[in-house]
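Visitor: My structure is below; once you've seen it, I'll send some questions.
What follows draws every value from the coordinates through simple rules; no lab data is involved. Fair warning: this is a prediction, and the values are worked out from it, not measured in the lab. Cβ: placed from backbone, ideal geometry, glycine included. Neighbour counts: every protein chain shown.
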Amino acid sequence: MSPPAALVYFIDGHGFGHATRSLAILRELRKQCPALPLLVRTSAPAFLFRELHLPVLAGEVGPGMLQADPLTLDVPGSVAAAVRFHDALPQRVAEEIARLSEYRVGLIAGDIPTLAFEVAHRLRVPSVALGNFSWDWIYEPLVECSGDGARLLRIMRRAFGRADLLLRMPLHGDMACFTRVEDIPHVVRSSRRERSDTRRLLGLEGERRPVVLVSFGGSGPVRFSPAQRPPAPGNYRFVQPGPLVAGLPEDTVRLPVDHEIGHADLVAACDAVLSKPGYGTVVECLASRTPLLYTSRDDFREYPILVDGLRRGARCRFLPREDLLTLQWREHLEVLLSDDRSWPSVRTDGARVAATRLLELLAAR
């Protein structure tokens with residue numbers, strides 16, 4: 001008797017956003033079909049998936065974008081890396097098929113590396129893309145229209161065009177290279193703890209000051225650059241996972257990057273979030289109705305779409321880069337926390353919808 005067909009989930013390692021929203025869908029897959037063999041193929045850190053005890057095949061699945069820090073892209077380096085990766089795509093596909101040879105692959109999902117769809121095409125199994133942008137759309141304004149740039153976009157679009165279906169999330173860019181598209185609600189890794197439980201774990205029981213989460217994802221430390229000791233950011237209590245920010249008060253709650261409290265739990269437990277606008281952070285703030293103080297992201301095409309979604313659906317405020325880097329946050333936080341606009345209703349059950357659709361397609365095999 002043949003083993004049950006597995007669902008292989010390819011996940012970009014660019015930041016943490018692709019991984020955290022994929023984790024929400026993987027949770028739902030495990031919930032709806034506990035016996036389904038699941039395999040994660042990603043360059044994202046394995047600790048992000050430890051709660052589900054899934055097999056994780058580590059290694060590069062796509063170049064994403066290279067970043068000097070969470071706010072600054074390395075455009076020349078990114079383009080060069082993307083060209084190298086995609087020029088070698090046939091060899092990478094062959095290596096990937098060899099890695100997957102011990103599994104009976106029934107369906108490949110991808111958020112959203114080109115490699116996933118080329119592998120599925122070679123294996124003759126269906127593939128589903130999940131995301132709110134595709135990499136050809138991100139790279140299009142960054143490359144020349146001829147030579148290496150034109151070849152890169154052509155290879156990317158051919159790979160994305162091989163996907164049998166795109167489950168498109170809100171706040172999306174132009175994804176015209178996909179031939180079949182279904183829109184789904186926001187996909188969010190929702191909080192799994194009560195607010196009071198998370199605050200207790202953080203040692204914040206009874207804290208009367210506003211608690212602010214300072215979080216910039218998995219692309220290294222922000223380059224805070226005050227020449228002298230910056231002004232105190234006000235009478236707030238800060239929670240800071242990941243690389244440390246010099247200049248924050250001594251009572252800041254500092255967490256290692258691989259701490260076990262989920263990011264969505266932290267967002268829901270705090271009174272405000274200070275961050276860049278990435279998909280994961282934006283939808284976590286929408287889901288938990290936590291105000292967001294956000295700064296700009298250089299050259300990233302997704303930025304204005306996310307900001308537009310924020311302004312329409314969240315209590316938010318823009319923090320100029322200079323004020324961010326010199327820790328002059330107090331007045332911005334005061335204005336943000338005094339905002340009493342009502343929060344609109346937003347659907348955040350995209351993980352359930354996506355998991356149901358993936359299981360339908362797998363059953364149809």
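Visitor: Can you work out the FRET efficiency for the pair R301 and R151, with r the C-beta to C-beta distance and R0 = 22 Å, to the nearest 0.05? Walk me through the numbers before you get to the answer.
Guide: Details: r = 20 Å, r/R0 = 0.90.
After rounding, the FRET efficiency stands at 0.65.
Visitor: Mind listing the long-range amide H neighbours of A6? Cut-off is under 5 Å, sequence gap 5 or more, other chains count too, H placed in the peptide plane at 1.01 Å from N.
Guide: R104, V105, G106, L107
Visitor: While we're looking at this one, here's another question. For the chain, the longest stretch holding no GluC sites (Glu not before Pro) located in a DSSP loop with at most 11 other Cβ atoms within 10 Å is which?
Guide: Details: sites that count: E102, E144, E205, E250, E260.
The reported range is 261-365.
Visitor: Within the stretch 1-73, what percent of beta bridges assigned by DSSP are antiparallel, to the nearest 5?
Guide: Values: 2 of 10 bridges.
Of the beta bridges lying entirely in the stretch 1-73, close to 20 percent run antiparallel.
Visitor: Cα centroids of the stretch 265-344 and the stretch 87-107: how far apart, whole angstrom?
Guide: 40 Å
Visitor: For the chain, what is the mean residue ellipticity at 222 nm derived from helices alone (per DSSP H run of n ≥ 4: -39500 (n - 2.57); sum divided by total residues; nearest 500 deg cm²/dmol)? Spell out each step's value before the answer.
Guide: Working: 13 runs with 133 residues, N = 365.
Calculated at 222 nm, the ellipticity per residue is -11000 deg cm²/dmol.
Visitor: Using a Förster radius of 25 Å, what is the FRET efficiency between D174 and D349 based on their Cβ-Cβ separation? Nearest 0.05, please.
Guide: Working: r = 25 Å, r/R0 = 1.01.
For D174 and D349, the calculated efficiency is 0.50.
Visitor: Roughly what % antiparallel, to the nearest 5, for the DSSP beta bridges in the chain?
Guide: 5 percent
Visitor: Taking the Cβ of L23 as the centre, find all other residues whose Cβ is under 12 Å away and add up their charges (Lys, Arg: +1; Asp, Glu: -1). Could you put the intermediate results ahead of the total?
Guide: Values: positive: R21, R27, R30, R50, R189, R192; negative: E28, E51, D111.
Result for the local shell: +3.
Visitor: Taking the mean number of other Cβ atoms within 10 Å as a proxy for protection, how do you rank 265-276, 343-354 from highest to lowest?
Guide: 265-276, 343-354
Visitor: Are there trypsin sites (Lys or Arg not before Pro) in the stretch 137-229 that DSSP marks as loop and that have at most 12 other Cβ atoms within 10 Å, and which are they?
Guide: Values: sites: R151, R154, R157, R158, R162, R168, R180, R189, R192, R193, R195, R199, R200, R208, R223; in loops: R162, R180, R189, R192, R193, R208, R223.
Taking the stretch 137-229 and a limit of 12 other Cβ atoms within 10 Å, the loop trypsin sites (Lys or Arg not before Pro) found are R180, R208, R223.
Visitor: Subtracting the Cα-Cα distance from 0.36 nm times the residue separation, let me have the gained length for E331 to F318 in nm, one decimal. Present the calculation step by step, with values, prior to reporting the outcome.
Guide: On the way: separation 13, 0.36 × 13 = 4.68 nm, distance 1.17 nm.
This chain segment gains 3.5 nm when fully extended.
Visitor: Moving to a separate point now. Could you grab the relative contact order for the stretch 195-338? Cα pairs under 8 Å, six or more apart, rounded to a whole percent.
Guide: On the way: 228 pairs, mean separation 35.6, N = 144.
Across the stretch 195-338, relative contact order equals 25 percent.
Visitor: Please report the spacing between the Cα centers of the stretch 190-219 and the stretch 1-36 in Å, no decimals.
Guide: 27 Å
Visitor: Select one label from (1) 62, 48, 34; (2) 62, 50, 38; (3) 61, 48, 41: the one whose number is Cα extents along the principal axes in Å as derived from the coordinates shown.
Guide: Checked against the structure: label (1).
Visitor: I want to verify a result. In a Gaussian network model of the chain, Cα cutoff 10 Å, which of these has the top mean-square fluctuation: T281, T326, T290?
Guide: Highest fluctuation among the options: T326.
Visitor: If contacts are Cα pairs under 8 angstrom and at least 6 residues apart, what is the relative contact order of the chain in percent? Can you show the working numbers first?
Guide: Working: 694 pairs, mean separation 64.2, N = 365.
Worked out over the chain, it gives 18 percent.
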